[in-house]
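The values are calculated or read from the model by the stated rules, or taken from the named source; none is laboratory data. Since this is a predicted model, take the numbers as computed values, not measurements. When we count neighbours, we look across all protein chains shown, and the Cβ atoms used for this are built from the backbone with ideal geometry, even at glycine.
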Amino acid sequence: MDSGKFLENIKFWENIDLADSWAKVKNFDTAGLLGDKVSSAFAILGLVTAAQVAWTPIRGFYRHFLRRANDLKYKYGGEWAIVTGASDGIGEAMCYELAAKGYNIILMARTVDKMEKVAKVCEDTNKVKTKIVPFDFVTLSNAEGV
């Protein structure tokens, strides 16, 4: 680096008064620079953004904890629900939930033994009808090969 430029940079930084600069920043008047209408528009934009940020968790709490569940029979009609993967995991849990809402259940999965247990629990606890359809979605065939 050129020594003359280096000395100029040092002199430049020596002449800056940081306290005075900060005072100017603190007293900066945006309304005078941008105009009252533009400043008001930015203030409203900031208020709307803050309201959105505040409303998001409130809306989530309402949706998950306070709102009534959808009435599936009214919304979709019908008496029967088909549950795939009904022998285990989420499918099994769906069978129990739908049976509790009064739906008759058609259970579809590979393992008949597990489906029979799930069907028995649904029939005994909720007095619904169940049908078991052994089906392997990997080979896209049922037990009869159809």
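Considering each residue of region 94-122, count those that are of a type in the set (S, T, N, Q) and either at positive phi or surrounded by 15 or more Cβ atoms within 10 Å (Cβ to Cβ) (or both), and give that number.
Final tally of qualifying residues: 1.
Restricting attention to region 76-89, does a residue exist that is in a helix (DSSP H, G or I) and either within 19 Å of LYS117 (Cα to Cα) or modelled with pLDDT of 90 or more (or both)?
Yes.
Within region 123-133, restricting attention to residues that are part of a helix (DSSP H, G or I) and over 33 Å from the mean Cα position of the chain (by Cα), which residue is surrounded by the fewest Cβ atoms within 10 Å (Cβ to Cβ)?
The residue in question is ASP124.
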